[in-house]
1. Nearest 5 percent is fine: what portion of the DSSP beta bridges confined to the chain is antiparallel?
2. Tell me, what is the percent relative contact order of the chain, built from C-alpha pairs under 8 Å that lie six or more residues apart?
3. GLU70 to GLN267: FRET efficiency via 1/(1 + (r/R0)^6), r the Cβ-Cβ distance, R0 22 Å, to the nearest 0.05?
4. Non-local amide H neighbours of ALA319 (under 5 Å, H modeled in plane, Pro and chain starts lacking H): which ones?
5. Project the alpha carbons of the range 46-120 onto their principal axes and report the range along each, largest first, in whole Å.
6. Would you list THR187, THR351, THR442, THR212 from fewest to most Cβ contacts within 10 Å?
7. Computed FRET efficiency, Cβ-Cβ of ARG62 and ASP249, R0 56 Å: what is it to the nearest 0.05?
8. May I have the convex hull volume per residue, in Å³, for the Cα set of the range 133-212?
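Quick note: the coordinates plus some simple rules give every number you see, no bench work behind them. Because the structure is predicted, anything quoted here is derived from the model rather than measured. Backbone-built Cβ (ideal geometry, glycine too); neighbour counts: all protein chains shown.
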Amino acid sequence: MLGAGAVLGLLAACSGGGSGAAPRPTSSGDGEIIVASGLDVTGSDGVRQQLIHAWNLTAEGRKHPARLLELPGGADEQRSQLLGALQSGSSQYDVVNLDGTWIPEFAEAGLITPLDPQVKADPDVIPSVAATARWKGHTYALPFNSDVGLLYYRPDYLKAAGFDPDSYPAAGMKWSGLQTMIRQLDTVHAEGALPGYQRGWTSQLAAYEGLTVNTIEAFASAGVHLTDPDGHYTADPAQLKTGLDELRDRAGSEYTLRGALSSYEAQSLSDFTAGRTAFLRHWPYAYRLLPQSLGAGQWAVAPLPGDAVLGGQDLAVSAASPRAAYALELAKFLTDPKSESCLLQAGFAATRDSAYRTPPPACPYVSPPAGSSPSASPSASSGETSTMPRDGQNRPLYASGTLRTALTSAVQRPRTPYYGAFTQALQSVVHGWLADPDPPDTDQVARRLDTALRRALAGR
């Protein structure tokens, strides 16, 4: 926990609140504002909790204090918990931190409150990110923290294979270019170098949302898109075959680490740090974790070849909240420019362009820039020294270039109120196919996937 002086410093640095009128106070009851969220990747008492602390020291926060409630389990389990609570009419949550793909489902079911006209379009929010908070022309949430697929790699392995790690992976490189590099790494490994190396790359291909993300990235890279902006299914078996061929080319055993089909985020990260693979598809939070296991020159990050999927969470106000007016003010505070800058410094992908471009405020719980003190500040989340590479503005070193570029060009997963059914249908067909030692031909799988997605996206 921060001491009183540190929290006051955080308040000065990261507060400011939002502007604009709150909803009419027809739901402005007393009591704590409960924010329901998944686990904070910056750890216990991490940046989200610290921003809640900062709100509680504002004049508004002293009258209407907030509490962060972290839900256990993965994204699918969290979605089920939130759906169950809100569908029952429970008022136990006031603000819900939703994956951007869930907004249409929760909005269509009337579980979250439309925020317009109180929330206006904000040009500072990255356009691709801002779109996750809207559905059918209305704003239902405020983008809190974003996410995007990135390519982490081992420069030491590339150097051993004869590549210049300062030039590769090259900007704009296609997947075929990555495969060329993997084949050369395999050759070097066969000659006795890279003793711990097994296969070229790994990702999260277990039967969960990670597989959906990887599939959409492969499909989008091949020019295949599954829905229109309103969630209507637009693909056909021929297009699906094109996308599946691209996915198979990526996930085939020739290039992919054994075990990837059962890998979640933690396992794939562990395989990378153990040296079993040279390339890893992962999220921005890995940038904060990798220095704990690998030294300088053993890891770096670049944009993914082809298209990368946008992730992230948005803050919505529960339709059952008796404190909706104050809940919206809290959501504005947590997503204002100063708060977003603090999120970026802590390792999240910020949703606002200004966080990447303007001098950031000082956030006491985030380690200072290298060289600004004899040793880095302890992390509030773990008590350990933060070694995440930073620029002179205390932002992650890759943030203003690689991360911002990836966010602005990222593609979205299908926007549909039936996202839960969609992702389960896709995972079921695709994982079974990838895991089959004697798979049917791709045309047959494409027809089966077409039937499954057509039904799921029609709500049947």
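1. About 70 percent, rounded to the nearest 5.
2. Once normalised by length, the contact order is 27 percent.
3. Step by step, r from the Cβ atoms, then E = 0.50.
4. ILE112, THR113
5. 34, 34, 22
6. THR187, THR442, THR212, THR351
7. Working from the Cβ atoms, E equals 0.45.
8. Spread over its residues, the Cα hull of the range 133-212 gives 163 Å³ apiece.
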